[in-house]
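All remarks here apply to the structure that follows.
What follows is calculated from the coordinates using simple rules that are stated; it is not laboratory data. Since the model is a prediction, treat every value here as computed from it, not as a measurement. For neighbour counting, all protein chains shown are included, and Cβ atoms are generated from backbone atoms with ideal geometry for every residue, glycine included.
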Amino acid sequence: MEFENPSCQLLSKIATNEQHGENSPYFDGWKAYDNDPYHPTQNPNGVIQMGLAENPLSFDLVEEWIRKHPSASICTSEGLQKFRDIAIFQDYHGLTEFRNAVARFLGKVRGGRVTFDPARIVLAGGATGASELITFCLADPGDAFLVPTPYYPAFDRDLKWRTGVQLIPVICESSNNFKITKEALEEAFENAKKSSIKVKGVIIANPSNPLGTTVERETQITLVNFINEKQIHLVCDEIYSATIFSRPNFSSIAEIIEEVECNRDLIHIIYSLSKDMGFPGFRVGIVYSYNDAVVNCGRKMSSFGLVSSQTQHFLASMLSDDEFIDHFLKTSSMRLAKRHQTFTSGLEEVEIKCLNSNAGLFCWMDLRPLLKEPTFEAEMVLWRLIIHNVKLNVSPGFSFHCVEPGWFRVCFANMDDETLEIALKRIRIFIQATEKKSDVTAKKRKQW
Amino acid sequence: MSISGIATYQPFDGLMELKVAIAGFMSQVMDKSVSFNPSQIVLTAGATPAIEILSFCLADPGNAFLVPSPYYPDLDRDVKWRTGVEIIPIPCRSADNFCLSTTALDRTFNQARKRGLKVRGIIISNPSNPVGNLFNRETLYSLLDFATEKNIHLISNEILAGSTHGSEDFVSLAEIIDSEDFDRTRVHIVYGLSKDLSLPGFRVGVIYTFNENVLAAAKKLARFSSISAPSQRLLISMLADTKFIHLFMKNNRERLERMYNAFVTGLKQLGIECMKSNGGFYCWMDMSGLIRSYNEKGELELWDKLLSVGKVNVTPGSSCHCIEPGWFRLCFTTLSENDIPVVMDRIRKVSEICKSRS
């Protein structure tokens with residue numbers, strides 16, 4: 001879409017290209033929700049939001065903690081003495097106590113099996129800022145990262161838009177539960193080489209978005225061997241690491257590199273509190289790198305998205321409260337497990353299957369049986385039906401670059417129990433109506 | 001307000017309530033000479049990303065902005081680092097009180113053109129940093145005329161608008177736009193709460209633009225640098241208390257003026273003149289009389305002496321791209337009045353060392 005408005009000619013390519021992705025049809029679901037949002041009493045027939053991976057399930061615990069710890073806030077009489085020092089603190093290293101608390105928290109989430117060095121923690125503006133920051137540090141315009149599909153759609157914007165970096169998909173298929181294979185990695189790497197594209201690294205999400213699965217140890221070892229051999233980077237987005245609710249257990253890349261020989265300068269972790277703690281509004285992004293040069297450079301870039309000192313101070317207090325964090329992590333995990341169970345068993349009642357998952361705030365739903373034909377056009381038709389007739393905003397597989405049509409990501413944590421029930425009811429009604437239709441069609445065919 | 005209202009996803013370009021509050025604050029800070037429309041605001045995590053975002057929006061890699069020098073060192077990082085955009089300094093001279101001359105502006109623009117560089121805009125800081133000058137109406141008109149004639153942008157970083165002292169009045173670019181029939185689509189103002197409200201830790205920056213395409217693009221880019229929600233909530237409350245803000249600004253200005261005058265007087269007694277200024281947290285000192293060789297090397301030698309012997313950390317003019325050696329920026333706002341004699345004493349010692357050498 002070309003802008004011919006003369007005043008647009010005053011703008012840069014970045015400001016006028018489509019790399020922000022907001023004109024993609026994927027946003028129609030969001031627009032439908034914005035125009036007609038569900039409310040139990042005011043708008044019971046509205047669109048239910050199932051496209052937002054938010055985790056408010058354990059906010060009650062956080063609220064209770066806040067009430068009991070007024071000194072964590074600089075706005076209470078108990079905490080006011082810290083106001084002056086916090087208000088003027090803008091050092092891009094971040095508050096020492098905050099980095100210490102984050103390092104401690106990261107270790108806790110990994111069951112104490114590995115420790116983190118606070119000096120390697122770099123702050124950024126949310127995971128969005130963290131992903132972009134690490135990309136700026138590792139790659140030049142025109143360079144590429146390999147990304148296993150299906151992957152989080154915003155990577156296209158966050159990793160590419162201002163950096164000028166490309167993403168090359170590593171194809172994963174349902175036949176082996178979307179596992180990342182050495183063959184797929186090699187194929188993607190070779191394709192890049194043929195097109196004279198310089199591959200700087202691989203980026204994975206563990207646990208995966210949209211799959212909701214943890215990446216197996218063996219797969220991570222394959223990845224480490226692959227990147228070591230090619231001498232390229234491995235960036236692991238572990239933003240969902242504390243949303244594990246069932247086996248297998250989570251293995252962080254931090255643990256893998258303790259067992260497998262690896263050039264640590266190639267290993268980097270992206271993290272944030274947006275999913276595990278449910279704090280996306282706080283804009284806490286973290287880059288953890290084992291590479292000193294990356295830490296030094298990244299730290300200077302923190303100035304473009306530093307975490308508010310007020311927020312750092314508050315979180316330093318909360319995250320170092322061991323008793324609270326242990327209780328929170330355990331409770332959050334249990335509540336996510338229950339939600340997952342309720343949702344998947346509700347879907348099973350109408351014979352809808354989801355990929356077996358053990359983490360995340362969503363299910364990867366298999367609606368391939370409902371497609372008129374195994375094409376993305378058919379997926380789009382089905383998706384629009386779900387948005388406008390079933391009134392659920394779900395996310396279609398094509399927006400995640402899935403190579404097989406018919407998969408949908410459905411978020412189950414961002415609503416209360418009653419709303420989830422209503423969503424399930426709507427799905428049941430839709431499936432049953434669809435079955436009736438195909439029965440009638442089959443009968444009609446028989447009559448012919 | 002429950003945690004779910006604050007902790008969940010918020011609009012990336014800032015809460016409307018905060019935009020409204022900041023629009024009001026900006027107007028209050030500028031003595032109500034102009035009003036700001038909250039819908040033209042994009043909020044960012046500090047003025048640093050605000051400037052970088054504008055740089056990404058208005059220029060392609062290899063393009064350039066013209067900036068009057070001396071200018072504050074971090075501008076190099078904010079405008080150039082990740083964007084690949086250039087800065088071409090417009091040298092200002094002590095003979096002009098380091099004020100921008102339109103002749104120099106014209107000459108710099110033409111030189112850039114000859115070098116094959118595409119100039120996308122001019123970036124000014126008003127009050128300026130490190131000198132502390134205020135731009136007068138005539139200069140602002142000239143800049144707007146120039147920008148219109150050359151079809152380029154004009155960015156005004158007004159982050160110190162409320163930190164003025166002395167007799168001259170601050171005039172915002174927004175006020176000039178209001179009063180005359182200029183093409184607004186090329187005007188953008190940067191603001192923030194790090195200076196006037198002394199809250200740099202909370203990371204609050206503002207892009208105020210009259211160009212709806214820039215507004216649309218900047219809103220999307222703000223996602224990399226959004227303000228933390230608890231801080232937004234705190235500030236909505238604080239800025240709504242206009243009585244408090246009025247008292248704060250009044251006290252702030254008085255204390256700033258007191259400190260500024262005390263430092264200028266103290267330095268004068270040491271034989272060090274400061275450039276006349278009306279804003280900012282600093283004095284722009286002429287220490288050229290103390291440097292051994294009238295060049296950057298001489299200046300840095302003095303800087304090192306001040307730091308290692310005098311244990312006084314000041315900013316040398318060369319790091320601000322000043323073309324005349326020997327100028328230093330001294331920030332006084334982190335000090336109290338009791339510290340003044342200590343500072344003067346230490347500078348005197350270094351000054352005596354320099355004088356005895358020559």
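Odds and ends about this structure:
- Part-to-part distance (alpha-carbon centres) for the range A:263-286 and the range A:297-321, which is given in Å: 11
- Mean projection of the Cα convex hull over all viewing directions, computed for chain A: 25.6 nm².
- 5 angstrom amide H check on B:Glu273, placed H, neighbours 5+ away: B:Asp286
- Förster radius 45 Å - calculated FRET efficiency between A:Ser174 and A:Glu18, Cβ distance, rounded to 0.05: 0.90
- Base-10 log of normalised Debye intensity for the range B:1-123 (one unit scatterer per alpha-carbon) at q = 0.19, 0.20 Å⁻¹: -1.10, -1.13
- Among the listed pairs A:Lys179/A:Lys230; A:Lys193/A:Lys275; B:Lys250/B:Lys305, those with a Cα-Cα distance over 27 Å are A:Lys193/A:Lys275; B:Lys250/B:Lys305.
- Rounded to the nearest 10 degrees, the inclination of helix B:229-240 to the longest alpha-carbon principal axis of chain B is 80 degrees.
- Estimated inter-spin distance, A:Glu259 and B:His246, nm [label 7 Å along Cα→Cβ]: 6.8
- Crossing angle, helix A:309-319 versus chain A [Cα axis fit, 0-90 degrees, rounded to tens]: 80
- Per-residue Karplus couplings for the range B:333-343, computed as 6.51 cos²θ - 1.76 cosθ + 1.60 with θ equal to phi - 60°, are listed in order as 6, 8, 10, 10, 4, 5, 7, 4, x, 5, 4 Hz, Gly and Pro entered as x.
- Residues B:Ile124, B:Ile236, ranked from the fewest to the most other C-beta atoms within 10 Å, line up as B:Ile236, B:Ile124.
- Amide H partners (placed H, <5 Å) of B:Leu199, local residues excluded: B:Ser194
- The range B:11-35-the range B:36-89 distance, computed between alpha-carbon centres (Å): 21
- Once the mean of 1/r is taken over each pair of separate Cα atoms and inverted, the protein assembly as shown shows a Kirkwood hydrodynamic radius of 28.7 Å.
- Annotation: lysines with alpha-carbon distance below 19 angstrom to B:Lys150 (same-chain offsets under eight excluded): B:Lys114, B:Lys118.
- Springs join every pair of Cα atoms under 10 Å in this Gaussian network model of chain A, and among A:Ala242, A:Ala359, A:Ala72 the largest mean-square fluctuation is at A:Ala72.
- Computed over the range A:215-266: relative contact order in percent, which uses C-alpha pairs under 8 Å that are six or more apart: 53
- Amide H contacts of B:Asn211: none lie under 5 Å away among residues 5 or more positions distant or on a separate chain (H built 1.01 Å from N in the peptide plane; Pro and chain starts excluded).
- Acute angle (nearest 10 degrees) that the helix A:59-68 long axis makes with the longest principal axis of chain A, alpha-carbon atoms: 30
- Selection from A:Gly278, A:Ile256, A:Trp383 lying farthest towards where the dipole of the protein assembly as shown points positive, charges on Cβ: A:Ile256
- Shape category assigned to chain B from the gyration tensor of Cα positions, a/c cut at 1.5: oblate
- Cross-linked pairs B:Lys19/B:Lys276; A:Lys160/B:Lys19; A:Lys300/B:Lys19: Cα-Cα separations exceed 32 Å for B:Lys19/B:Lys276.
- DSSP beta bridge pairing in chain B, given as percent antiparallel to the nearest 5: 50
- Projected label distance in nm at A:Val381 and A:Asp292, using a 7 Å step from Cα toward the beta-carbon: 6.1
- Cα shape, the range A:92-189, gyration tensor, a/c 1.5 rule: oblate
- Structure remark: mean-square fluctuation, Gaussian network model of chain B, C-alpha springs under 10 Å; the largest value among B:Thr185, B:Thr103, B:Thr334 belongs to B:Thr334.
- Peptides A:88-101, B:291-304 ordered by packing proxy, namely the average of other Cβ atoms within 10 Å per residue, highest first: A:88-101, B:291-304.
- Using the rule -39500 (n - 2.57) for each DSSP H run of four or more residues, divided by the residues of chain A, the 222 nm mean residue ellipticity is -12500 deg cm²/dmol.
- Residue by residue, the range B:85-94 carries 3J(HN,Hα) couplings of 8, 9, 10, 10, x, 9, x, 10, 10, 4 Hz when phi is fed to the Karplus relation 6.51 cos²θ - 1.76 cosθ + 1.60 (θ = phi - 60°); x denotes Gly or Pro.
- Relative counts (whole %) of C-alpha pair distances in the range A:239-371, using bins that are 5 Å wide: 2, 8, 13, 15, 16, 15, 13, 8, 5, 3, 1
- Inter-part distance, the range B:328-342 to the range A:40-61, computed on C-alpha centroids, equals 54 Å.
- Taking chain B, the Cys residues with no second Cys beta-carbon under 4.7 angstrom are B:Cys57, B:Cys92, B:Cys99, B:Cys320, B:Cys322, B:Cys331, B:Cys354.
- Fewest-first ranking of A:Trp30, B:Trp284, using other Cβ atoms within 10 Å as the exposure measure: A:Trp30, B:Trp284
- Counting only other chain Cβ atoms within 10 Å of each residue's Cβ, the peptide A:72-85 averages 1.
- With contacts taken as Cα pairs under 8 Å and at least 6 residues apart, the range B:80-178 reaches a relative contact order of 25 percent.
- Anisotropy class of the range A:275-338 from Cα gyration tensor, a/c 1.5 cut: prolate
- When you restrict to C-alpha pairs under 8 Å that are six or more residues apart and normalise by the size of chain A, the relative contact order lands at 22 percent.
- Under the Karplus curve 6.51 cos²θ - 1.76 cosθ + 1.60, θ = phi - 60°, whole-Hz ³J(HN,Hα) for the range B:189-204, x wherever Gly or Pro sits: 10, 10, 9, x, 9, 6, 9, 5, 10, 6, 10, x, x, 7, 6, 10
- Counting only DSSP beta bridges whose two residues both lie in the protein assembly as shown, roughly 50 percent are antiparallel.
- Förster radius 25 Å - calculated FRET efficiency between B:Gln269 and B:Ser356, Cβ distance, rounded to 0.05: 0.85
- Exposure proxy shown here: for B:Tyr208, A:Tyr152, the number of other Cβ atoms within 10 Å sets the order, fewest to most, as A:Tyr152, B:Tyr208.
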